[in-house]
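**Student:** The structure under discussion is supplied below as structure tokens; questions concerning it will follow.
The values are calculated or read from the model by the stated rules, or taken from the named source; none is laboratory data. What you see is a predicted model; the values in this text were computed from it and never measured. As a convention, Cβ positions derive from the backbone with ideal geometry for all residues, glycine included, and neighbour counts pool all protein chains shown. The accessibility values were calculated without ligands, DNA or RNA, using every heavy atom of the protein model including side chains. Shrake-Rupley method; radii C 1.70, N 1.55, O 1.52, S 1.80 Å.
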Amino acid sequence: MASKASSMVYFFVLIGSTLLFSNNVYATDYDNYINVYELTNGKISIKVTNYGATLLSVIVPDRNGKLDDVVLGYPTIDGYKNDSTYFGGLIGRVANRIGGAKFTLNGVEYNLPANDHGNTLHGGTRGFSDVLWEVTSYEKNSHVSLHYHSYDGEQGFPGAVDAYVTYMIIGGNRLGLKMEATPLDKATPINLASHSYWNLAGHGSGDIFSHDIQLFASKITPVDDKLIPTGQFVPVQGTPYDFLQSRSIGVKFNELPSGYDINYVVDYVPNGHVHKVAVVQEPKSGRKMELWSNKPGVQFYTSNMLNDTLGKDGATYHRYGGLALETQGFPDSVNHPNFPSQIVNPGENYLHVMVYRFTAHH
């Protein structure tokens, strides 16, 4: 699959965006522009909303052909507006945490909203998952493309940025995301991420302890008590974080105080090509999800903060009811010179590709 996955990058790069409409949307008519877009092709169907460029659902068959929605979400769009879980959101301008809610770039200190214990989380108090995106291209059996213009100084970040995301169905069983961003006038950090919570048994089917997962990552970036990286790289071998060989999430869960919420350093050649990040399998349904990306890190999160959250179809999501695999640059990279840089300059293009492949096995 490696050669196929690598070729997908070029497929993504070739997808163009044709501007279909342009509106200045004001708060008074905000809701009138929120829509849901469905993609269906072969054995997979998804729904996306332009509110936060959010992935609402992914429906795939199990080993017997039974269809289930395997991503967690809210029953109405209003749930996403008042959301603290970031279900399915397109996260930016900088995903994950920035320590101390500040950073220095080119001699200038930038102060950001401190929305997470004195730190900045997922772009601030109103990140990219909390704004209205413009749909620029939509074909039901193919793709939906969205655009957001982030102004200079938004949430404290320097420079204006045009951000783009395309969700597409590739073949009959793959879901692709292409995230791009272009700074218009100043150098700025950019780290876009997709924040879906997965449960391959079905979104309301209980905890994810029986899911088997393999992470192609030999190290993690350990964190302090506020989940800010220390700057170190620590091998996972022989620790509860070791998923180099596929095993159930629940096997060593009792060795961690509050579950998994850590950035893994993906084993890959840093050439910008897509590489395999993770394989997740759910034994009861037979569903298998493989994930490829071109980014150096992946945040593995076991929904440790979920607390009796009202979900779709009358479901209630409890703690550990889903798992997130957020491919990304490393957290707090702006304050760690030894981490891969997230600074993008005007004239440069940020590109983040994710490809999910869904199968079901007897």
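**Student:** Treating the beta-carbon of each Lys and Arg as +1 and of each Asp and Glu as -1, no other charges, what is the dipole magnitude of segment 108-248 about its Cα centre, to the nearest 20 debye?
**Tutor:** Details: 8 positive and 15 negative charges, 89 e Å.
Dipole of segment 108-248, to the nearest 20 debye: 420 debye.
**Student:** Also, quick follow-up: Would you work out which of His122, Asn307, Ile169 lies farthest towards the positive end of the dipole of the chain? Charges go on Cβ: Lys and Arg +1, Asp and Glu -1.
**Tutor:** Ile169
**Student:** I've got another one for you. Of the heavy-atom accessible surface of the chain (probe 1.4 angstrom), what whole percent is carbon and sulfur? Walk me through the intermediate numbers first.
**Tutor:** On the way: 7350 of 14660 Å².
C and S atoms contribute 50 percent here.
**Student:** Also: For Glu180, what is the net charge nearby, where nearby means another residue's Cβ is under 12 Å from its Cβ and Lys, Arg count +1, Asp, Glu -1? Could the numbers behind the result be given before it?
**Tutor:** Details: positive: Lys178; negative: Asp162, Glu348.
Every neighbour counted, the sum reads -1.
**Student:** Next up: Can you give me the relative contact order of segment 98-210 as a percent, contacts being Cα pairs under 8 Å and 6 or more apart? Write down the numbers at each step before the final one.
**Tutor:** On the way: 170 pairs, mean separation 17.4, N = 113.
Dividing the mean separation by the residue count of segment 98-210 yields 15 percent.
**Student:** May I ask you to give the solvent-accessible area per residue for segment 137-261, in square angstrom, as obtained with a 1.4 angstrom probe?
**Tutor:** About 37 Å² of surface per residue is accessible.
**Student:** Additional query: May I ask you to derive the FRET efficiency for Glu348 and Asp224 from their Cβ-Cβ distance with R0 = 35 Å, giving the value to the nearest 0.05? Let's see the in-between values first.
**Tutor:** On the way: r = 32 Å, r/R0 = 0.90.
My answer for the efficiency is 0.65.
**Student:** While we're on this one: If you project the alpha carbons of the chain onto the principal axes, what extent comes out on each, in Å, largest first?
**Tutor:** Each principal axis gives a Cα extent; for the chain these are 54, 45, 42 Å.
**Student:** For Phe209 and Phe253 in one chain, what is 0.36 nm times their gap in residues minus the Cα-Cα distance, to one decimal in nm? Display every interim value, and only then the final one.
**Tutor:** On the way: separation 44, 0.36 × 44 = 15.84 nm, distance 0.82 nm.
Using 0.36 nm per residue and subtracting the Cα-Cα distance, I get 15.0 nm.
**Student:** For Gln232 and Ser84, calculate 0.36 nm times their separation in residues minus their Cα-Cα distance, and state this gained length in nm to one decimal. Intermediate results must be reported in sequence, preceding the final value.
**Tutor:** On the way: separation 148, 0.36 × 148 = 53.28 nm, distance 2.87 nm.
My answer for the length gained is 50.4 nm.
**Student:** Packing-wise, with mean Cβ within 10 Å as the measure, how do 117-123, 348-354, 327-333 rank, highest first? Provide the component values of the computation, followed by the final result.
**Tutor:** Working: 117-123: 21.9, 348-354: 19.6, 327-333: 25.7.
Ranked from most to least packed, the peptides come out as 327-333, 117-123, 348-354.
**Student:** While we're on this one: At R0 = 25 Å, how high is the FRET efficiency between Ala187 and Asp116 if r is their beta carbon distance? Nearest 0.05 is fine. Show your work: numbers first, answer last.
**Tutor:** Details: r = 25 Å, r/R0 = 0.98.
It comes to 0.55.
**Student:** Cα gyration tensor of segment 169-297, axes a ≥ b ≥ c as square roots of the eigenvalues: rounded (a/c below 1.5), prolate (a/b > b/c) or oblate?
**Tutor:** Numbers: a/c = 1.76, a/b = 1.17, b/c = 1.50.
The shape class here is oblate.
**Student:** With every protein chain kept in place and ligands, DNA and RNA left out, what is the accessible area per residue of segment 265-316? Probe 1.4 Å, answer in Å². Walk me through the numbers on the way to the answer.
**Tutor:** Values: 2030 Å² over 52 residues.
Normalised by residue count, the accessible surface of segment 265-316 is 39 Å².
**Student:** Relative contact order (percent) for the chain, with alpha-carbon contacts under 8 angstrom and 6 or more residues of separation?
**Tutor:** Details: 922 pairs, mean separation 70.0, N = 362.
Computed value for the chain: 19 percent relative contact order.
**Student:** Quick one: what Rg and Dmax do you get for segment 193-246 from the alpha carbons, in Å?
**Tutor:** Rg then Dmax for segment 193-246, in Å: 14.0, 37.
**Student:** Mind jotting down the distance between the C-alpha centroids of segment 97-147 and segment 277-341, whole Å?
**Tutor:** Going from one Cα centre to the other spans 18 Å.
**Student:** Also, quick follow-up: Do any trypsin sites (Lys or Arg not before Pro) in segment 131-179 lie in a DSSP loop with no more than 16 other beta carbon atoms within 10 Å, and if so, which?
**Tutor:** Lys140
**Student:** Please give the per residue accessible area of segment 73-129, computed with a probe of 1.4 Å over protein heavy atoms only, in Å².
**Tutor:** Values: 2210 Å² over 57 residues.
Computed with neighbouring chains in place, this is 39 Å² per residue.
**Student:** Just in segment 244-290: which trypsin sites (Lys or Arg not before Pro) are loop by DSSP and have at most 16 other Cβ atoms within 10 Å?
**Tutor:** Numbers: sites: Arg247, Lys252, Lys276, Lys284, Arg287, Lys288; in loops: Lys284.
Passing both the DSSP loop test and the Cβ count: Lys284.
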